[in-house]
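Step one of this worksheet: look at the structure below.
The values are calculated or read from the model by the stated rules, or taken from the named source; none is laboratory data. Values in this document were obtained by computation on a predicted structure and should not be read as measured data. We place every Cβ from the backbone using ideal geometry, glycine too, and count neighbours over all the protein chains shown.
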């Protein structure tokens, strides 16, 4: 509980005036409820007495109405101010999680499922928000309970002690079930993130699922996760539902004990009927804050499991970004010297050294797993250099801020990613771009005609990951996007590998247009497309085994010639 308050306080600190005001009004609500209880005895006594005047009765009734009227704004501001602060805190947490997604290294996703991250930002924050609202209840209801018990103690301390004797058992029930709900909820959240991941695969993999007739397989796969989730969900629900009747039983036991002892007092003339009715009303009223406190305790127990996952994610280290150097136009070259890189214990790049001169077109060639795409990731700063050096115009890559480093490069990848928004917004990516520049980019990408044929042209929403476009159309859009970014170096990471021959031909023409008067680093699967490149780097097991132009490497008759002949045959 204390940990939850410590985590939430920095988020609601800027609303401390509202929080303090809400707490004050919460105390006011409790005092009003106590005042209403205090009116029961005189109202009962005066109302049944023939000696009472109308003015006396109207005075008591008027006071009761006044308390109810005062309670309206008090209750409103108590709930509104606290809920405002709590909801804003949850929005802040959700924003922090999304920002963290942008800031953590890409290597994080090699060990973490996408479903875990999505579940954290959606499901965990929702459960956490419900738990935070439980904090509101835990502030208000115990105060109400104290006020009611205080007035009960004033009426008859002996009967109140009977109530106090049974309250510790109630607290034990709260603690017992709260711990178990928290433990089961952690399992529920873990299974929910697994299920979210499976749902994501089911939506994103529709083409493969249908092509391989995997509908039954994926349904059964989902059901197994669903059943696992349901099983743990019901374990948590059993704990929740067992706690409610036990709490009701204890409150009934308290009320019954009070009635028995009160009857003894009335018989002995130690208590009036009015005092008895008031005391019973208080005992009945006490059930509500006890029940609400129990529910809040269970909500907070659930929230603590979600909170653990949320703040564990928020503590993940961000990308290393210790540089201060800003981007300037590439003037000389990019160089690698004795570069090594590994994924854990798996060495991917070994002692690699070569230069990429300004204006040069360099191709990276090799079999799958030779380190080509890894080198592209290193260029982009997606993986930090641990051994060897990677320099831009003589400055080590670590001297640049990540934003500045990445500003050097425009990426056109085989993994086509487009946002579920308009063509225009996918092209501009939030930059101020003129209509003439957009049309020039579409012309370079050979995309003008098909964009004009779309229902709303540039304002057409292209669907999730550009699914309303063909592969070739989507790739040409990414080329136009890269053109508008106007980076120093273009990175082509097997940009045509997923396209049919006709689409590949058009896209290759677009890439050639984009590459004019630019520095280019290309990972190529069709070696016929790089014959005119200035330099071809042949990689094998992360090592550079050959380097030169196409004609030189063909004359050499080594690995490149074998790869080229295989490419031509395919």
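Structure notes:
- Only one of the listed residues (130, 185) is assigned to a helix (DSSP H, G or I), surrounded by fewer than 18 Cβ atoms within 10 Å (Cβ to Cβ) and in contact (Cβ under 8 Å) with a residue 24 or more places away in the chain. That residue is 130.
- Residues of region 106-127 classified as in contact (Cβ under 8 Å) with a residue 40 or more places away in the chain and either not assigned by TED's automatic domain parsing to the domain that holds residue 309 or not in a helix (DSSP H, G or I) (or both), total: 1
- Residue in region 499-521 that is modelled with pLDDT of 90 or more, over 21 Å from residue 426 (Cβ atoms) and touching a helix residue (DSSP H, G or I) at 6+ places or on another chain (Cβ under 8 Å) present: yes
- Candidates 94, 140, filtered to the one that is part of a helix (DSSP H, G or I) and over 19 Å from residue 295 (Cα atoms): 94
- Whichever residue in region 264-277 is more than 56 Å from the chain's Cα centre (by Cα) and in contact (Cβ under 8 Å) with a residue 12 or more places away in the chain and, among such residues, is surrounded by the most Cβ atoms within 10 Å (Cβ to Cβ): 271
- Test for residue 374: is it surrounded by 15 or more Cβ atoms within 10 Å (Cβ to Cβ), more than 24 Å from residue 106 (Cα to Cα), under 32 Å from the mean Cα position of the chain (by Cα) and at pLDDT 80 or above: no
- Subset tally (residues that are part of a loop (DSSP other than H, G, I, E, B) and either closer than 16 Å to residue 334 by Cα or at pLDDT 90 or above (or both)) for region 348-371: 3
- Qualifying helices (runs of 4 or more DSSP H) (wholly inside region 411-524; at least 2 residues being within 27 Å of residue 363 (Cα to Cα)): 435-444, 471-485, 501-515
- Restricting attention to region 330-357, the residues that are surrounded by 13 or more Cβ atoms within 10 Å (Cβ to Cβ), within 30 Å of residue 115 (Cβ to Cβ) and in contact (Cβ under 8 Å) with a residue 60 or more places away in the chain add up to 2.
- All conditions but one from (1) out of contact with any strand residue (DSSP E or B) (no Cβ under 7 Å at 6 or more places or on another chain); (2) buried (at least 18 other Cβ atoms within 10 Å of the Cβ); (3) more than 14 Å from residue 475 (Cβ to Cβ) apply to residue 510; the one that does not is (3).
- In the set 255, 246, only one residue is in a helix (DSSP H, G or I), in the same structural domain as residue 302 (by TED's automatic domain parsing) and closer than 18 Å to residue 153 by Cβ; that residue is 255.
- Some residue of region 414-428 being in the same structural domain as residue 550 (by TED's automatic domain parsing), crowded, with 17+ Cβ neighbours inside 10 Å and within 22 Å of residue 544 (Cβ to Cβ): no
- Residue count for region 382-402 under the criterion of being farther than 14 Å from residue 356 by Cβ and either touching a residue at least 60 places away in the same chain (Cβ under 8 Å) or not assigned by TED's automatic domain parsing to the domain that holds residue 543 (or both): the result is 9.
- Taking the conditions (1) surrounded by fewer than 21 Cβ atoms within 10 Å (Cβ to Cβ); (2) assigned by TED's automatic domain parsing to the domain that holds residue 26; (3) touching a helix residue (DSSP H, G or I) at 6+ places or on another chain (Cβ under 7 Å) in turn, residue 327 satisfies each one other than (2).
- Looking only at region 535-557, and only at residues there that are in a loop (DSSP other than H, G, I, E, B) and surrounded by 15 or more Cβ atoms within 10 Å (Cβ to Cβ), the one that is modelled with the highest pLDDT: 549
- Given (1) farther than 30 Å from residue 292 by Cα; (2) modelled with pLDDT of 75 or more, index of the condition residue 201 fails: (2)
- When residue 339 is tested against the conditions (1) assigned to a loop (DSSP other than H, G, I, E, B); (2) over 32 Å from the mean Cα position of the chain (by Cα); (3) more than 19 Å from residue 524 (Cα to Cα), the lone failure is (1).
- For region 149-167, the criterion of being surrounded by fewer than 16 Cβ atoms within 10 Å (Cβ to Cβ), part of a helix (DSSP H, G or I) and in contact with a strand residue (DSSP E or B) (Cβ under 8 Å, 6 or more places away or on another chain) is met by no residue.
- Residue check: residue 469 meets all listed conditions (1) closer than 26 Å to residue 329 by Cα; (2) buried (at least 17 other Cβ atoms within 10 Å of the Cβ); (3) under 37 Å from the mean Cα position of the chain (by Cα) but one, namely (1).
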